[in-house]
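The values are calculated or read from the model by the stated rules, or taken from the named source; none is laboratory data. Just so we're clear, the structure is a prediction, and the values are computed from it rather than from any experiment. Reconstructed Cβ throughout: ideal geometry from the backbone, glycine too, with neighbour counts over all protein chains shown. Calculation scope for accessible area: heavy atoms of the full protein, side chains included, ligands and nucleic acids excluded. Shrake-Rupley method; radii C 1.70, N 1.55, O 1.52, S 1.80 Å.
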Amino acid sequence: MKRILLLFLMSTAVSLCAAGAEPETEQFVPCYKYRVYLKDKGRRTASLMKHPERYLSPRSIERREKQGLAIDYTDLPVNGKYIRGVAATGVEVLLRSRWNNTLVVQCEDTTLMDAVRALPFVKEAVQVAHYEKSPLNINKDRHGMLSQEPSNPDTSYYAQGASQISSLNGLPLHEAGFRGEGMCIAVIDGGFLNTDTIPAMQNTRIAGSHNFVMPGVSVFDWNNDHGQAVLSCMGANTPHVMVGTAPEAEYWLLISEDGGSEQPVEEDNWTAAIEFADSIGADVINSSLGYGSFDAPYGKVPSYEHNGRSRLVSRTASMAASKGMVVCCAAGNSGEGILSTISVPADADNIITVGSVATLYSKQGKSRDVMFFSSRGGSYDGRIKPDVVCEGLNVIGSNGTRTFSYGTSISTPVMCGMVASLWQALPELTATEIIDIVRRSGNRADTPDNTWGYGEPDFAKAWEMGKALAAQKAAAAGN
């Protein structure tokens, strides 16, 4: 993900292999992580399907019922007996995915995996990470980073966020009172350094957090500030300093990115994060992360796997809409490549993949254009990617001050916040309907391509389109 993250503001980050521990580097014992694919979910699936309250939160169930989505096999939890059977071999079970029916396990002795593979309910097990060293990744001096904002506030209410919301024609929604209230946004990212202490973020409604790379370590201590910059674009709510595109939404802050290495286990971390977001009832997911290649020996993600199905992370993202959630995902920052350069899970189906656009100035004047770095599509199976493009240039960094930045990882949360505000205004619509009207409101919806996607959405237009669709649905329901 290091190649996709925000071009500026990113701190060096590494992970601890032992969950919740802080070992000294010289005492660290090399360890390995494996993804274990299970054959089934056991014999009690029929009875479990009748009692979703045993494994899904009331809000998660309500979200499905509201959109007419059935509980299915992928919603069922991983079989507890299987988990205990795997753990009995001597490996440590770290993560589980009910949508994919997988586990992530850790061991120092790789021969233990022979016993795991021999279990009758195990389909296969593949290595997804290898750690030789594990320096600490906690910023113990983070409070000393904070700087004082200038005493003369901006005269504009939105200040740092003004151009970003206006470029999407989002002000009519905000002025009508649709600013994300009642919507839950999960932010899956690399770290939220100092978010809890930055004055300009004190009005941001943070519902909770979780670190899937190193459980037990605060997302605010984790030495990575990318998530803070991302969060500010939608969640900042300090007038005349910065107001984002969904200032009244509530946010869950989730870490899945290990900035010290690039290994396939991060797909599992991401999967665990989005399933967690589902379980707590999130409506919208922001993911300014993506993967194009991994450290040796794992290598590059081949182009034919950019189809929304081959990679674990893309399969998972493609399932989100069927659970009633909208995923907004950064396209990537590799736009100068010759061929398609979108990352995974930006290739996923039924999500909003976001590219970056800005007003460019030259001797010939100014023009609106896709940024040179913004990854081009489409998907390997021929779908338009990115879906839309958006401006993203201004953030609040981990030192607490406003700053200029860019990258599809900054454009994505600007879009995500507006999607949440739009959905607040149109609660009758489903996740797939929201995705559709955002695309169709784009200024290139009639001639989409793999550079612009469907263009820059007009959220006032999307609102009108959505109201018309909601009226049609209500009329049809009344007949």
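Along the charge dipole of the chain, Cβ charges K/R +1 and D/E -1, which of V230, A159, V265 sits furthest on the positive end?
V265
Express as a percent, rounded to the nearest 5, the fraction of DSSP beta bridges in the chain (both residues included) that run antiparallel.
Of the beta bridges lying entirely in the chain, close to 60 percent run antiparallel.
So if we plug the beta-carbon distance of E92 and D114 into 1/(1 + (r/R0)^6) with R0 = 22 Å, what FRET efficiency do we get, rounded to 0.05?
With a Förster radius of 22 Å, E is 0.85.
Please report the relative contact order for the range 88-169, taking Cα pairs under 8 Å with a sequence separation of at least 6, and give it as a percent rounded to a whole number.
15 percent
Report, in debye and to the nearest 20, how large the dipole of the chain comes out about its Cα centre when Lys and Arg carry +1 and Asp and Glu carry -1 on their Cβ.
1100 debye
Along the charge dipole of the chain, which of L171, I352, A296 sits closest to the positive end, that is, farthest toward it, with unit charges on the beta carbon of Lys, Arg, Asp and Glu (+1, +1, -1, -1)?
Most positive-ward Cα: I352.
Give me the percent relative contact order of the chain, please, defined on Cα pairs under 8 angstrom at least 6 residues apart.
18 percent
Between the helical axis of 265-279 and the dominant principal axis of the chain, each derived from Cα atoms, what acute angle in degrees is found, rounded to the nearest 10?
Helix 265-279 sits roughly 70 degrees off the main axis of the chain.
For a paramagnetic label modelled at 7 Å from the Cα of E124 toward its Cβ, which residues of the range 294-329 fall within the zone defined by backbone nitrogen distances under 14 Å?
310-312
For a quick check of understanding: with a 1.4 angstrom probe and all protein chains in place, what accessible area in square angstrom does L469 have, to the nearest ten?
That residue has around 40 Å² of solvent-accessible surface.
Among L469, A317, C328, pick out the residue whose Cα is farthest towards the positive end of the charge dipole of the chain, where Lys and Arg carry +1 and Asp and Glu carry -1 on C-beta, about the Cα centre.
Farthest along the dipole direction, towards plus: L469.
Between the DSSP loop rule and a limit of at most 11 other Cβ atoms within 10 Å, which chymotrypsin sites (Phe, Trp or Tyr not before Pro) in the range 394-479 are left?
Passing both the DSSP loop test and the Cβ count: no residue.
Would you please put 281-294, 50-63, 210-223 in order of how densely packed they are, using the mean number of other Cβ atoms within 10 angstrom per residue and starting with the highest?
281-294, 210-223, 50-63
Roughly what would the spin-label model give for S362 and T197, points 7 Å off Cα along C-beta, in nm?
If labels sit at S362 and T197, their model points lie 4.6 nm apart.
Suppose the chain between Y304 and R440 were pulled fully straight at 0.36 nm per residue; how much longer would it get relative to their current alpha carbon spacing?
Extending this stretch completely gives an extra 46.2 nm.
Which of the lysines could be linked to K140 by a straight reach, that is with a Cα gap under 27 Å, when you skip same-chain ones fewer than 8 residues away?
Qualifying lysines at Cα under 27 Å: K2.
Using Cα atoms only, what is the angle between the long axis of helix 459-478 and the major principal axis of the chain, expressed in degrees (0 to 90) to the nearest 10?
Taking Cα atoms only, the helix is inclined about 70 degrees.
Please work out which option in [x] 0.95; [y] 1.89; [z] 1.27 gives Cα Rg over 2.2 N^0.38 Å calculated from these coordinates, and answer with its label.
[x]
Report, ordered by chain and residue number, the lysines lying within cross-link reach of K66, taken as a straight Cα distance under 28 Å and ignoring same-chain residues fewer than 8 apart.
By straight Cα distance, K66 reaches K41, K50, K323, K461, K467, K473.
Can you tell me the dipole magnitude for the range 254-379 around its Cα centre, using point charges on the Cβ only (Lys, Arg +1; Asp, Glu -1), in Debye to the nearest 20?
The calculation lands at about 660 debye.
In what order, largest first, do L171, L76 sit by accessible area if the probe radius is 1.4 Å? Each step should come with its number before you reach the end.
Working: L171 55, L76 0 Å².
Largest to smallest exposure gives the sequence L171, L76.
So what's the range 99-144 giving for Cα Rg divided by 2.2 N^0.38 Å, two decimals?
1.77
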